[in-house]
1. Hey, what's the chain come to in accessible area per residue, 1.4 Å probe, Å²?
2. Using a Gaussian network model of the chain whose springs link C-alpha atoms within less than 10 Å, name the residue from 240, 95, 175 with the highest mean-square fluctuation.
3. Determine the relative contact order of the range 16-127: mean sequence separation of Cα pairs under 8 Å and six or more apart, normalised by residue count, in whole percent.
4. Percent of accessible area on the chain owned by carbon and sulfur, 1.4 Å probe?
5. Quick one: what Rg and Dmax do you get for the range 1-134 from the alpha carbons, in Å?
6. When the chain is modelled as a GNM with alpha-carbon springs shorter than 10 Å, which of 146, 83, 223 fluctuates the most?
7. What are the DSSP H helices in the chain that stretch 24 Å or more along their long axis, judged by alpha-carbon atoms, and whose average Kyte-Doolittle hydropathy comes to at least 1.6?
8. Quick one: grab the alpha carbon gyration tensor of the range 59-211, order the square roots of its eigenvalues as a ≥ b ≥ c, and give me rounded if a/c is under 1.5, else prolate or oblate depending on whether a/b is larger than b/c.
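The values are calculated or read from the model by the stated rules, or taken from the named source; none is laboratory data. All values derive from a computational prediction rather than experimental measurement. FYI the Cβ positions are ideal-geometry reconstructions off the backbone, even for glycines, and counts take in every protein chain you see. Calculation scope for accessible area: heavy atoms of the full protein, side chains included, ligands and nucleic acids excluded. Shrake-Rupley method; radii C 1.70, N 1.55, O 1.52, S 1.80 Å.
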Amino acid sequence: HDGKGIFKVYSPEMGNKMRRYHYLLEELRLAVARKDFYLNFQPIVHVEDCMIDYFEALTRWNHSIEGMISPVEFIPIAEESNLILELGDWIMLEACRQMAAWHNAGLRKVRISVNVSGVQLKHRSIYDWVMATLTKTGLSPNSLMLEVTESTLIKADSLIIKELEKLRKEGITIAIDDFGTGFSSLSTLADLPIDVIKIDRSFITQANKSKKYLDILKTICELGQKLGLKIVAEGVEEPAQFELVKRIGVSSVQGYLVSRPESSVNVGNKLLNKNVSNMSG
Ligand code: C2E
Ligand code: CA
Ligand code: CA
Ligand code: CA
(Lines give C-alpha, C1' and ligand atoms only; values in the text may rest on other atoms or scores of the structure.)
(Ligands and ions follow the chains in the order given, each with its own letter.)
Protein backbone atom coordinates (compact mmCIF):
# COMPACT_ATOMS: atom_id res chain seq x y z
CA HIS A 1 0.00 0.00 0.00
CA ASP A 2 1.67 3.22 -1.11
CA GLY A 3 -0.25 5.55 1.19
CA LYS A 4 -2.32 7.29 -1.50
CA GLY A 5 -5.07 4.73 -1.49
CA ILE A 6 -3.34 2.77 -4.20
CA PHE A 7 -2.28 -0.82 -3.84
CA LYS A 8 0.60 -2.16 -5.88
CA VAL A 9 1.29 -5.82 -6.38
CA TYR A 10 4.79 -7.17 -6.03
CA SER A 11 5.81 -10.62 -7.07
CA PRO A 12 9.08 -12.41 -6.26
CA GLU A 13 9.86 -12.20 -9.97
CA MET A 14 9.73 -8.39 -9.87
CA GLY A 15 12.08 -8.44 -6.90
CA ASN A 16 14.52 -10.56 -8.86
CA LYS A 17 14.32 -8.25 -11.84
CA MET A 18 15.00 -5.21 -9.63
CA ARG A 19 17.93 -6.91 -7.96
CA ARG A 20 19.43 -7.87 -11.31
CA TYR A 21 18.91 -4.31 -12.58
CA HIS A 22 20.73 -2.73 -9.64
CA TYR A 23 23.44 -5.32 -9.73
CA LEU A 24 24.06 -4.74 -13.45
CA LEU A 25 23.93 -0.97 -12.97
CA GLU A 26 26.75 -1.10 -10.41
CA GLU A 27 28.75 -3.55 -12.52
CA LEU A 28 28.21 -1.35 -15.57
CA ARG A 29 29.57 1.67 -13.70
CA LEU A 30 32.78 -0.22 -13.01
CA ALA A 31 32.98 -1.64 -16.51
CA VAL A 32 32.56 1.79 -18.11
CA ALA A 33 35.28 3.24 -15.90
CA ARG A 34 37.60 0.38 -16.91
CA LYS A 35 36.52 0.37 -20.59
CA ASP A 36 35.72 -3.30 -20.14
CA PHE A 37 34.04 -3.71 -23.55
CA TYR A 38 34.90 -4.65 -27.08
CA LEU A 39 33.29 -4.30 -30.46
CA ASN A 40 32.12 -6.97 -32.85
CA PHE A 41 31.57 -6.16 -36.49
CA GLN A 42 28.80 -7.44 -38.76
CA PRO A 43 28.93 -6.81 -42.51
CA ILE A 44 26.18 -5.09 -44.46
CA VAL A 45 26.55 -6.26 -48.06
CA HIS A 46 25.21 -5.12 -51.44
CA VAL A 47 22.54 -7.52 -52.73
CA GLU A 48 23.93 -7.71 -56.28
CA ASP A 49 27.47 -8.91 -55.53
CA CYS A 50 27.64 -9.43 -51.74
CA MET A 51 30.47 -6.90 -51.52
CA ILE A 52 30.71 -5.31 -48.09
CA ASP A 53 29.41 -1.78 -47.89
CA TYR A 54 29.51 -1.28 -44.10
CA PHE A 55 30.42 -3.01 -40.90
CA GLU A 56 28.00 -2.33 -38.05
CA ALA A 57 29.84 -1.97 -34.74
CA LEU A 58 28.05 -3.98 -32.02
CA THR A 59 29.17 -3.58 -28.42
CA ARG A 60 30.07 -6.61 -26.31
CA TRP A 61 30.43 -6.94 -22.54
CA ASN A 62 32.06 -10.07 -21.20
CA HIS A 63 31.46 -9.95 -17.46
CA SER A 64 33.95 -11.80 -15.24
CA ILE A 65 31.22 -13.72 -13.38
CA GLU A 66 28.09 -13.48 -15.54
CA GLY A 67 29.80 -14.12 -18.86
CA MET A 68 28.48 -12.39 -21.97
CA ILE A 69 25.72 -9.91 -21.18
CA SER A 70 23.59 -8.93 -24.18
CA PRO A 71 23.44 -5.29 -25.27
CA VAL A 72 19.67 -5.79 -25.33
CA GLU A 73 19.98 -5.94 -21.53
CA PHE A 74 22.79 -3.49 -20.74
CA ILE A 75 22.25 -0.69 -23.29
CA PRO A 76 18.86 0.31 -21.77
CA ILE A 77 20.47 0.38 -18.30
CA ALA A 78 23.32 2.49 -19.68
CA GLU A 79 20.75 4.86 -21.21
CA GLU A 80 18.64 5.24 -18.08
CA SER A 81 21.74 5.99 -16.00
CA ASN A 82 23.42 8.26 -18.58
CA LEU A 83 26.39 5.89 -18.54
CA ILE A 84 25.75 5.63 -22.29
CA LEU A 85 27.39 9.06 -22.65
CA GLU A 86 30.78 7.81 -21.50
CA LEU A 87 30.31 4.35 -23.02
CA GLY A 88 29.12 5.89 -26.28
CA ASP A 89 32.24 8.07 -26.47
CA TRP A 90 34.37 4.97 -26.21
CA ILE A 91 32.24 3.08 -28.80
CA MET A 92 32.44 5.88 -31.38
CA LEU A 93 36.17 6.39 -30.85
CA GLU A 94 36.94 2.67 -30.99
CA ALA A 95 34.75 2.08 -34.08
CA CYS A 96 36.32 4.97 -36.01
CA ARG A 97 39.82 4.06 -34.85
CA GLN A 98 39.37 0.46 -36.00
CA MET A 99 38.01 1.41 -39.42
CA ALA A 100 40.81 3.95 -39.91
CA ALA A 101 43.32 1.20 -39.04
CA TRP A 102 41.73 -1.17 -41.61
CA HIS A 103 41.87 1.57 -44.23
CA ASN A 104 45.53 2.20 -43.44
CA ALA A 105 46.18 -1.55 -43.78
CA GLY A 106 44.76 -1.52 -47.30
CA LEU A 107 41.05 -2.33 -46.91
CA ARG A 108 39.32 0.21 -49.11
CA LYS A 109 35.78 1.47 -49.52
CA VAL A 110 34.39 -0.31 -46.47
CA ARG A 111 32.56 1.95 -44.09
CA ILE A 112 31.68 1.76 -40.41
CA SER A 113 28.19 2.07 -38.96
CA VAL A 114 27.74 3.09 -35.33
CA ASN A 115 24.58 3.00 -33.20
CA VAL A 116 23.76 6.29 -31.50
CA SER A 117 21.26 6.39 -28.65
CA GLY A 118 18.68 9.12 -28.11
CA VAL A 119 20.34 10.04 -24.81
CA GLN A 120 23.54 10.91 -26.70
CA LEU A 121 21.59 13.22 -29.02
CA LYS A 122 19.92 15.07 -26.17
CA HIS A 123 22.88 15.78 -23.94
CA ARG A 124 25.22 17.68 -26.23
CA SER A 125 26.00 18.63 -29.79
CA ILE A 126 26.30 15.39 -31.72
CA TYR A 127 27.86 17.38 -34.56
CA ASP A 128 30.81 18.61 -32.47
CA TRP A 129 31.31 15.23 -30.85
CA VAL A 130 31.29 13.19 -34.07
CA MET A 131 33.45 15.66 -35.99
CA ALA A 132 35.99 15.70 -33.13
CA THR A 133 36.15 11.89 -33.18
CA LEU A 134 36.76 11.89 -36.94
CA THR A 135 39.57 14.42 -36.55
CA LYS A 136 41.10 12.41 -33.73
CA THR A 137 41.06 9.13 -35.67
CA GLY A 138 41.71 10.47 -39.17
CA LEU A 139 38.62 8.67 -40.55
CA SER A 140 36.87 10.43 -43.42
CA PRO A 141 33.23 11.51 -42.92
CA ASN A 142 32.27 9.48 -46.01
CA SER A 143 33.30 6.34 -44.14
CA LEU A 144 30.86 6.79 -41.27
CA MET A 145 27.19 5.94 -40.90
CA LEU A 146 25.19 6.70 -37.76
CA GLU A 147 22.22 4.51 -36.87
CA VAL A 148 19.43 6.22 -34.96
CA THR A 149 16.30 4.22 -34.16
CA GLU A 150 12.96 5.16 -35.61
CA SER A 151 11.49 5.70 -32.13
CA THR A 152 14.31 8.15 -31.29
CA LEU A 153 14.05 10.03 -34.58
CA ILE A 154 10.30 10.59 -34.36
CA LYS A 155 10.78 12.12 -30.89
CA ALA A 156 13.74 14.30 -31.94
CA ASP A 157 13.28 18.06 -31.64
CA SER A 158 14.25 20.57 -34.32
CA LEU A 159 17.65 21.19 -32.71
CA ILE A 160 18.63 17.55 -33.02
CA ILE A 161 17.31 17.37 -36.59
CA LYS A 162 19.51 20.39 -37.45
CA GLU A 163 22.56 18.71 -35.95
CA LEU A 164 21.93 15.61 -38.05
CA GLU A 165 21.48 17.76 -41.17
CA LYS A 166 24.86 19.38 -40.49
CA LEU A 167 26.48 15.96 -40.22
CA ARG A 168 24.93 14.90 -43.54
CA LYS A 169 26.36 18.01 -45.19
CA GLU A 170 29.81 16.85 -44.04
CA GLY A 171 29.27 13.55 -45.87
CA ILE A 172 28.21 11.40 -42.94
CA THR A 173 25.38 8.95 -43.66
CA ILE A 174 22.37 8.79 -41.35
CA ALA A 175 20.27 5.62 -41.10
CA ILE A 176 16.89 5.15 -39.47
CA ASP A 177 17.33 1.92 -37.50
CA ASP A 178 14.73 -0.73 -36.62
CA PHE A 179 12.34 0.83 -39.09
CA GLY A 180 8.81 -0.49 -38.77
CA THR A 181 8.84 -0.78 -34.99
CA GLY A 182 8.46 2.88 -34.04
CA PHE A 183 4.96 3.53 -35.40
CA SER A 184 5.90 6.59 -37.42
CA SER A 185 3.78 7.25 -40.48
CA LEU A 186 5.36 6.63 -43.83
CA SER A 187 5.05 10.32 -44.70
CA THR A 188 7.53 11.27 -41.95
CA LEU A 189 10.22 9.51 -44.00
CA ALA A 190 10.17 12.46 -46.40
CA ASP A 191 10.96 14.98 -43.65
CA LEU A 192 13.62 13.15 -41.65
CA PRO A 193 17.33 13.87 -42.21
CA ILE A 194 18.14 10.34 -43.40
CA ASP A 195 19.86 8.53 -46.26
CA VAL A 196 19.25 4.90 -45.34
CA ILE A 197 16.31 2.88 -44.00
CA LYS A 198 17.19 -0.21 -41.99
CA ILE A 199 14.11 -2.39 -41.99
CA ASP A 200 13.69 -4.26 -38.72
CA ARG A 201 14.30 -7.99 -38.60
CA SER A 202 10.70 -8.70 -37.55
CA PHE A 203 9.50 -7.70 -41.04
CA ILE A 204 12.04 -9.92 -42.74
CA THR A 205 11.01 -12.84 -40.51
CA GLN A 206 7.32 -12.31 -41.26
CA ALA A 207 7.45 -11.45 -44.97
CA ASN A 208 7.74 -15.03 -46.19
CA LYS A 209 4.86 -16.16 -44.00
CA SER A 210 2.39 -13.33 -44.18
CA LYS A 211 1.03 -11.48 -47.21
CA LYS A 212 0.29 -8.44 -45.03
CA TYR A 213 3.92 -8.08 -43.93
CA LEU A 214 5.11 -8.66 -47.47
CA ASP A 215 2.83 -5.86 -48.72
CA ILE A 216 4.08 -3.48 -46.03
CA LEU A 217 7.67 -4.37 -46.90
CA LYS A 218 7.03 -3.73 -50.59
CA THR A 219 5.41 -0.39 -49.83
CA ILE A 220 8.33 0.73 -47.65
CA CYS A 221 10.77 -0.23 -50.44
CA GLU A 222 8.80 1.57 -53.13
CA LEU A 223 8.47 4.73 -51.11
CA GLY A 224 12.10 4.60 -49.99
CA GLN A 225 13.26 4.29 -53.57
CA LYS A 226 11.07 7.20 -54.67
CA LEU A 227 12.59 9.32 -51.90
CA GLY A 228 16.08 8.35 -53.04
CA LEU A 229 16.86 6.38 -49.88
CA LYS A 230 18.96 3.22 -49.66
CA ILE A 231 17.23 0.29 -48.01
CA VAL A 232 18.93 -2.27 -45.78
CA ALA A 233 17.17 -5.46 -44.68
CA GLU A 234 18.40 -6.65 -41.30
CA GLY A 235 18.23 -10.17 -39.90
CA VAL A 236 18.39 -12.06 -43.19
CA GLU A 237 18.93 -15.67 -42.11
CA GLU A 238 17.68 -17.78 -45.03
CA PRO A 239 18.35 -17.83 -48.77
CA ALA A 240 14.59 -17.45 -49.41
CA GLN A 241 14.60 -14.20 -47.42
CA PHE A 242 17.61 -12.97 -49.36
CA GLU A 243 15.87 -13.69 -52.69
CA LEU A 244 12.69 -12.01 -51.53
CA VAL A 245 14.30 -8.75 -50.39
CA LYS A 246 16.42 -8.67 -53.53
CA ARG A 247 13.32 -9.02 -55.69
CA ILE A 248 11.48 -6.15 -54.04
CA GLY A 249 14.32 -3.65 -54.34
CA VAL A 250 16.30 -3.73 -51.09
CA SER A 251 19.84 -2.43 -51.74
CA SER A 252 21.78 -4.18 -48.97
CA VAL A 253 21.37 -6.98 -46.47
CA GLN A 254 22.70 -7.80 -43.03
CA GLY A 255 22.21 -11.07 -41.22
CA TYR A 256 23.46 -14.47 -40.19
CA LEU A 257 23.12 -15.73 -43.78
CA VAL A 258 26.03 -13.50 -44.74
CA SER A 259 27.89 -13.40 -41.44
CA ARG A 260 27.39 -13.23 -37.70
CA PRO A 261 29.00 -10.29 -35.92
CA GLU A 262 32.70 -11.11 -35.63
CA SER A 263 35.68 -9.93 -33.62
CA SER A 264 38.03 -7.35 -35.09
CA VAL A 265 40.76 -10.02 -35.26
CA ASN A 266 38.59 -12.34 -37.36
CA VAL A 267 37.43 -9.52 -39.60
CA GLY A 268 40.99 -8.32 -40.06
CA ASN A 269 42.33 -11.79 -40.86
CA LYS A 270 39.58 -12.70 -43.28
CA LEU A 271 39.46 -9.45 -45.13
CA LEU A 272 42.97 -8.15 -45.13
CA ASN A 273 44.69 -11.43 -45.97
CA LYS A 274 42.46 -11.95 -48.96
CA ASN A 275 42.37 -8.22 -49.54
CA VAL A 276 38.82 -8.49 -50.76
CA SER A 277 35.56 -7.38 -49.27
CA ASN A 278 33.35 -10.14 -50.61
CA MET A 279 31.81 -12.06 -47.72
CA SER A 280 30.15 -14.70 -49.87
CA GLY A 281 33.40 -16.03 -51.25
P1 C2E B 1 20.37 -3.59 -33.70
O2 C2E B 1 20.98 -2.24 -33.86
O3 C2E B 1 19.08 -3.86 -34.42
O4 C2E B 1 21.53 -4.60 -34.11
C5 C2E B 1 21.30 -5.78 -34.79
C6 C2E B 1 21.19 -6.95 -33.85
O7 C2E B 1 20.66 -8.05 -34.58
C8 C2E B 1 22.52 -7.41 -33.28
O9 C2E B 1 22.30 -7.98 -32.01
C10 C2E B 1 22.90 -8.53 -34.25
O11 C2E B 1 23.80 -9.46 -33.72
C12 C2E B 1 21.55 -9.15 -34.50
N13 C2E B 1 21.48 -9.86 -35.77
C14 C2E B 1 22.14 -9.59 -36.92
N15 C2E B 1 21.82 -10.44 -37.87
C16 C2E B 1 20.92 -11.30 -37.35
C17 C2E B 1 20.20 -12.44 -37.86
O18 C2E B 1 20.32 -12.82 -39.03
N19 C2E B 1 19.35 -13.08 -37.01
C20 C2E B 1 19.18 -12.68 -35.72
N21 C2E B 1 18.34 -13.38 -34.95
N22 C2E B 1 19.84 -11.62 -35.20
C23 C2E B 1 20.69 -10.94 -36.01
P24 C2E B 1 23.14 -7.50 -30.75
O25 C2E B 1 24.56 -7.35 -31.14
O26 C2E B 1 22.76 -8.42 -29.65
O27 C2E B 1 22.57 -6.06 -30.46
C28 C2E B 1 21.26 -5.90 -30.06
C29 C2E B 1 20.88 -4.44 -29.97
O30 C2E B 1 21.66 -3.78 -28.96
C31 C2E B 1 21.15 -3.67 -31.24
O32 C2E B 1 20.14 -3.90 -32.15
C33 C2E B 1 21.19 -2.25 -30.70
O34 C2E B 1 19.91 -1.76 -30.52
C35 C2E B 1 21.85 -2.44 -29.34
N36 C2E B 1 23.29 -2.14 -29.44
C37 C2E B 1 24.32 -2.97 -29.72
N38 C2E B 1 25.50 -2.30 -29.72
C39 C2E B 1 25.18 -1.00 -29.47
C40 C2E B 1 25.96 0.21 -29.35
O41 C2E B 1 27.17 0.23 -29.52
N42 C2E B 1 25.27 1.36 -29.06
C43 C2E B 1 23.91 1.38 -28.89
N44 C2E B 1 23.33 2.56 -28.62
N45 C2E B 1 23.17 0.28 -29.01
C46 C2E B 1 23.79 -0.90 -29.29
CA1 CA C 1 21.71 -0.90 -35.40
CA1 CA D 1 18.64 -2.53 -36.27
CA1 CA E 1 16.67 -4.61 -34.65
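1. 51 Å²
2. Result: 240 has the largest fluctuation of those listed.
3. 26 percent
4. Ligands and nucleic acids excluded, carbon and sulfur give 54 percent.
5. Cα radius of gyration and Dmax of the range 1-134 are 19.0, 68 Å respectively.
6. 223
7. Both cut-offs are met by no helix.
8. rounded
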